[in-house]
1. Within the bounds of the stretch B:8-17, is there any residue that is more than 10 Å from every other protein chain (Cβ to nearest Cβ), open to solvent by 40 Å² or more (accessible area, probe 1.4 Å) and basic (Lys, Arg)?
2. Evaluate the stretch A:43-53: report whether one residue or more is within 20 Å of A:PHE183 (Cα to Cα) and within 13 Å of chain B (Cβ to nearest Cβ).
3. Scan the stretch A:65-122 for residues that are out of contact with any strand residue (DSSP E or B) (no Cβ under 8 Å at 6 or more places or on another chain), within 14 Å of another protein chain (Cβ to nearest Cβ) and acidic (Asp, Glu) and jot them down.
4. Specify which of the listed residues (B:ALA83, B:ALA96, B:ALA72, B:ALA57) is open to solvent by less than 20 Å² (accessible area, probe 1.4 Å) and not in a helix (DSSP H, G or I).
5. Got at least one residue in the stretch B:162-175 being within 9 Å of chain A (Cβ to nearest Cβ), buried (at least 24 other Cβ atoms within 10 Å of the Cβ) and either touching a Ser or Thr at 6+ places or on another chain (Cβ under 6 Å) or modelled with pLDDT of 95 or more (or both)?
6. Being open to solvent by less than 30 Å² (accessible area, probe 1.4 Å) and more than 18 Å from A:GLU198 (Cβ to Cβ) is the filter here; which residues of the stretch A:137-149 pass it?
7. Going through the stretch B:23-34 one residue at a time, which ones are within 7 Å of chain A (Cβ to nearest Cβ) and open to solvent by less than 10 Å² (accessible area, probe 1.4 Å)?
8. Within the group A:ALA134, A:ALA125, A:ALA159, which residue is farther than 13 Å from A:HIS87 by Cβ, facing another protein chain (nearest Cβ under 7 Å), out of contact with any Gly (no Cβ under 6 Å at 6 or more places or on another chain) and small (Gly, Ala, Ser)?
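The values are calculated or read from the model by the stated rules, or taken from the named source; none is laboratory data. The model shown is predicted, which means the values in this text are computed figures rather than measured ones. All Cβ positions, even for glycine, are placed from backbone atoms using ideal geometry, and neighbour counts span all protein chains on display. These area figures cover heavy atoms from the full protein model, side chains too; ligands, DNA and RNA do not enter into them. Shrake-Rupley method; radii C 1.70, N 1.55, O 1.52, S 1.80 Å.
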2 protein chains.
Amino acid sequence: MDGITRVEKALAMAIEQHLAAAVAHTEAPGCPPRLAAALRYAVFPGGARVRPRLCLAVACACNEDDPGVADAAAAAIELLHCASLVHDDLPCFDDAATRRGKPSVHRAFGERLAVLAGDALIVLAFQTLARGVASAPHRLGPLTMIVSRAVGMPTGIVAGQAWECEPHVGLADYQRAKTGALFAAATVAGATAAGFQEPGLWRTLGECLGEAFQVADDLRDVVSDATELGKPTGRDAVLGRPSAVRDLGLVGAQDRFEYLVTSAVESIPPCPGRDDLRALITMESSRFLPKELARRAA
Amino acid sequence: MDGITRVEKALAMAIEQHLAAAVAHTEAPGCPPRLAAALRYAVFPGGARVRPRLCLAVACACNEDDPGVADAAAAAIELLHCASLVHDDLPCFDDAATRRGKPSVHRAFGERLAVLAGDALIVLAFQTLARGVASAPHRLGPLTMIVSRAVGMPTGIVAGQAWECEPHVGLADYQRAKTGALFAAATVAGATAAGFQEPGLWRTLGECLGEAFQVADDLRDVVSDATELGKPTGRDAVLGRPSAVRDLGLVGAQDRFEYLVTSAVESIPPCPGRDDLRALITMESSRFLPKELARRAA
């Protein structure tokens, strides 16, 4: 196992542990048991945990001085991502029957508990941040602002989802809000958690990776099969949603993906772990692409 | 105009101003305009603003040293209350056609924007807290914990709403989570914002007032007409929800209300503005009751 793989595995374990600790706080005696079950179901087992891994990788590259702070930020970001998936899958939006290879939360627990599970996960994210940043109280305000901007109005993921309800929308605005915002929060929060002097310098990395991830998702929606993906495919066309493949074609979208990953790697600010982070991001990004296209590119 | 009325009016104005400032932050150019409109519609014009007024009254009684902190806490609590109303009114829950005398958010903007408006309001609440408490960063962590506990799992208003999805539920557990939690947060947050040494001493005041408010709401659901109330009546019976009137009868529920208000007033901890606060709460509580019953009692 090489160095990067070892770091990767350690990060992945840390994320699961911190998510488990956060979710455990919601399960005290006296809680409504079905909502508690729905909340756990929405978080475990997880997907690729791309956002929290990115957050921790950036904090690590910045030589973080208090790992608990980055762990809390990473967990908060993943909880918010899980919340958005639960609400996006609701009957009034995508009406997705499956997610991460199992029934979506509203199919498994009903629509009411899906609405409440999403709400509870949003609250839990901010609570997890406050609890985890207790050792560095001066970082809580900036981290709360970074995370809330990425999720709320006017340009966070909630805004991204709302663009699906507007008659006119530009692909870039839509993707920036729907996916880019939380990726940008992951990098900026990672740097902030680590005490990096100008955390805003990390925004471009997150934005480029977020758009690359979205382009890869659009490609996956077209070329993958549903079993591999764990959710239905071909949904963008059915739902008339903006898609890089629809706008740029299959080859154009792949070119855009490559351009974004290169821009991401080049944007990494000077920091102690810059070389390792570049290698990690190049390796990780290749996993974004659907297997069919990755094989074709190889 | 007597002293208490003057304080009341000043508090009410401060609340509207701070809510307006918070909501304005969501309306930057480039935001999805229909979601922005739905969010504003959900907050203005408001209801009685009982929770934020309680928060500010407690902070005031504690001789707050930094009013901006209490203002932020009060606004955050009201935004969370508005969020809960939007989601509680959704078709999968109460399917309420009206709220505060106008169409509910999902009737006016559609179900998708109602889900997103609720989400955005939750996020805005935590953002408002972080923004407003910047002058006293050591108070942000405690305030975030107080507010998030009141809203999330295991015992906040989300849990209270989830009890409606469980087969068995006790009236006290249900009311404590659904209404009491946010009232308790209002008093404890008000004291915390003001730098009161043992803010937990203020919990009983909030819990008693929260239960009193819920009992009054149950009474209102039975005796008021829908025009006066601004929302449909008789819903508890239709939806089979727990209700103090169903459990205790009309007279028993009124007795319970009187007992709770007396307990609330007696629980106020020693503080500089104790006498004024006692008078204020006695006066305010009488307004909770439906006009028919208040007239009968007079």
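1. Yes: one or more hits.
2. Yes, because at least one residue in the stretch A:43-53 is within 20 Å of A:PHE183 (Cα to Cα) and within 13 Å of chain B (Cβ to nearest Cβ).
3. Residues satisfying the conditions are A:ASP88, A:ASP94, A:ASP95, A:GLU111, A:ASP119.
4. Exactly one of B:ALA83, B:ALA96, B:ALA72, B:ALA57 is open to solvent by less than 20 Å² (accessible area, probe 1.4 Å) and not in a helix (DSSP H, G or I), namely B:ALA96.
5. There is no residue in the stretch B:162-175 that is within 9 Å of chain A (Cβ to nearest Cβ), buried (at least 24 other Cβ atoms within 10 Å of the Cβ) and either touching a Ser or Thr at 6+ places or on another chain (Cβ under 6 Å) or modelled with pLDDT of 95 or more (or both).
6. A:LEU140, A:THR144, A:VAL147, A:SER148
7. Once the filter is applied, which keeps residues that are within 7 Å of chain A (Cβ to nearest Cβ) and open to solvent by less than 10 Å² (accessible area, probe 1.4 Å), the stretch B:23-34 yields B:THR26, B:PRO32.
8. That would be A:ALA159, the only listed residue that is farther than 13 Å from A:HIS87 by Cβ, facing another protein chain (nearest Cβ under 7 Å), out of contact with any Gly (no Cβ under 6 Å at 6 or more places or on another chain) and small (Gly, Ala, Ser).
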